[in-house]
Each structure stands twice: as C-alpha cells, then as structure tokens.
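Read through the structure below, which is laid out as structure tokens, and then see the notes.
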Amino acid sequence: MAIDMARNRCWRIARPINGLPTSADFRLEDIPMPEPAEGQVLMRTIYISIAPGVRPMMPYAGDLPDVATGGDLPSGLPSADAPPNPMRIRVGERMRSGIVPSDSPFAGGTVGQVVESRHPAYRPGDYIFGGRYWQDYEAVDGDASLKIDPSQLPIEADLSLIGRSAFTGWVGWKRFCDGKPGETIVVSAASGSVGMVVCQLARRAGLTVIGIASGDAKCAYAMDGLGAHACIDRTREDVAEALDRLAPQGVDIYFDNVGGFMRKPVYDRLKPFGRLIVCGMAAEYNGTEESVLTTGAILAKRLRIEGFVVLDFDEDYETFRAEMASLWHAGVLNIRQTIFEGLESAPDALAACISGKSDGGKILVRVSPDTSIR
C-alpha cells in the first residue's frame, strides 16, 4: 500500500439508502488537496473507525425507522458552505465517522499522520487522532484533536482500545449497570466493539456473563477471549430457550446493543429490580426489525430501563483512557480488531459491521500505510 500525495479521494453519499448500505449507495470521487488554515494540520488518514451507530445519521429511502426520527431532518442538497449537521449526513455530503462540528478532542473518527502543520503543538511526522471523514487527506483543527504517542499504545488504539465504542461500553458499565458480584448479565453483540468491553469488565467484577453473538466463531471468542461463561448463537439457537437453560433463575442486567426481535425474550426474563440498559439498536437501524415490550412488567418487577448516549460523558474520557490502557498493558484486556484494507473497502466494512457479518471486535479501515509500526 503506497502513499499517494498527488491524490485525495473521498466517499460521498450518492442517494437515499434502502436497508443495508452497499457500495452503490456511495460515490468515490477525487477532491482537491486541503490547505490547512491557521490552527489546523493536514493529516494523512491511516485508519477509519467503522461503527453501526452512524447508520441512523444517513439518509433513508422511504419511511424512517424509529431510531432515526430524532433531531433535525434537513431537506435538499447541502450548499458548498453549509455547516454539517452533527446528527445527519445528507445526500451529496462526505461520509464521515467522527462528530462534526466538534470542539472536543475526543470526537474524532480517524487517526493519521501530520503532513503539514499550522498548529504549534504538531509537527510533520506526528500521529494524530481527530479526523472525521472517509477520505485520504483531511485538514483538522489541532485544538479538537489529540497527539498520539505510538511508543505508549498502537496508533489505532484511539479507535479501538480507547476509542469511542470502547468508551461507550465503559460508560454503560460504570454509570448504568450497577452490577454486583453474583448477578447475571446478558450482553448482546457480545463480541462487538462495545460488548467486548462490557463482557470483560463484568467478568472482572464477579458477575456471571452470558453473551449473545452471531455464529460459532464469535461465540467462541466471547467465551475464550472475553471471559463470558456462556454465549448464545442467535443464528441457530432460540434465545428464550437458551436463557431458560443458562439462567433458570432469571437475568439481573440486559446490556442491549441491538434491540429488535431479540430484546423481548431477555426482557421477559429480567428479575425483580432488573435493569435493561439500552446502548444501541443495530438490528433496527435498517428498518427491518423493531422491539415491542409489555409495560406491565416494568411496574410489577420494579424494573429500571435506561438509555444513554456516550456524548454526555466526555468528562470521564481521561479516566477511561487511563484505566483501559493500564488493563491492556497488564495483559488482562482482550481487544480484537477486524481491518478492511483500502479506502475503497469502507462501504463494505460498514455493511459488515451493521449486519454482523464480520469476525467481530472493532472494525477499522486501513486507508494508507501505518508507518508507526517498526
């Protein structure tokens, strides 16, 4: 994979998308090389983070699923100088991973290497976390980015080990689960970028961990790599029957990353004072599934149902980074990465992420050579 400084490509959304995104829903085109303004740097993109939560931000063909109806719904094509909507990516706009606009140094979606700098904290050759778009080169604000030290952690760690998805899992566990030794927690998408963090933190805290994943390989990883006591293969097992066998006394916590049809069988088996933590709804993002819950049980069992958005917890980010790095250096934290090669593969990576048809773990796209590896 060679570095081409003469070309800057980007992916744009080509049309409203029906169901699972495919490469036909995007357009790869050449754009001018950015010129960094004062306070900015020109970054060569090396890795892009891929996460299912971007799907509700993208345009839908037809009716919007419930998960995509919040926030503004701008119509029409964006003008060249229109500011990007942080909650929407419209037809014709550049596809992105990070949050825009953002003043936070924790909101990026790509990591790369500085090519040119007009910011005093960065020099050419430095590694940086702060890009947001699916493109080869990007001008990013230095104050809304973080300098990466590859001698401390691999540069892609800012998208995986200490990235936004891992932070989501950490916040969900620390702030919402209220897990106690001896309790039983069920984690859907257990081998994914959020679930793999929750499984390991819950196991370390003395809970019985039951994962739900897709396929033998992911279930094996949940148990052998993440410490889950058991894992239900949703592609070939009846989740309700499996839970009756694995947790005959019921479930204390359901950490739900997927929503959809799988939510109700776990919800029905929550114990009195059980907790349903709604973290993600990946099964509903394409409008093909929805979840319906009976409400009487909430009162009868005194259940707590709570959703959260990790963007509300930036004050915890430094603590999270330090804790996760410490666990990783101690060799007690397992973080899997699935890497797609080349900018051209980004749409396929997103489809694999949303559909669950990947090898699990955090999904990344390697856009250009990782020169930090020695």
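The values are calculated or read from the model by the stated rules, or taken from the named source; none is laboratory data. Predicted model, so just to flag it, every value in this text is computed and none were measured. Cβ sites come from the backbone with ideal geometry, for glycine too, and all protein chains shown count toward neighbours. Heads up: the accessible areas ignore ligands, DNA and RNA and are worked out on the full protein's heavy atoms, side chains in. Shrake-Rupley method; radii C 1.70, N 1.55, O 1.52, S 1.80 Å.
Summary of computed values
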| item | result |
| --- | --- |
| Other-chain or far-sequence residues with amide H under 5 Å of Asn18's (modelled H) | Ala61 |
| Accessible area (Å², 1.4 Å probe, nearest 10) - Tyr221 | 20 Å² |
| Solvent-accessible surface ranking, highest first, for Ser23, Ser214 at 1.4 angstrom | Ser23, Ser214 |
| Helix-only [θ]222 nm of the chain, DSSP H runs n ≥ 4, -39500 (n - 2.57) each, per residue, nearest 500 | -5000 deg cm²/dmol |
| Rg over Rh [alpha-carbon atoms, Kirkwood Rh] for the chain | 0.97 |
| GNM result for the chain, Cα springs below 10 Å: residue of Ala330, Ala51, Ala190 fluctuating most strongly | Ala330 |
| For the chain: accessible area per residue (Å², 1.4 Å) | 43 Å² |
| Cα-centre dipole for the chain with unit charges at Cβ (Lys and Arg positive, Asp and Glu negative), debye to 20 | 720 debye |
| Cα principal axis extents for segment 245-354, largest first, Å | 50, 36, 33 |
| Taking the chain and dividing mean pair separation by its residue count, relative contact order in percent (alpha carbons under 8 Å, at least six apart) | 18 percent |
| Whichever aspartates and glutamates have a C-alpha closer than 19 Å to that of Lys174, once near sequence neighbours (fewer than 8 apart) are set aside | Glu183, Asp252, Asp256, Glu306, Asp312, Asp314, Glu315, Asp316, Glu318, Glu323 |
| Whole-percent carbon and sulfur share, accessible surface of segment 78-208, 1.4 Å | 50 percent |
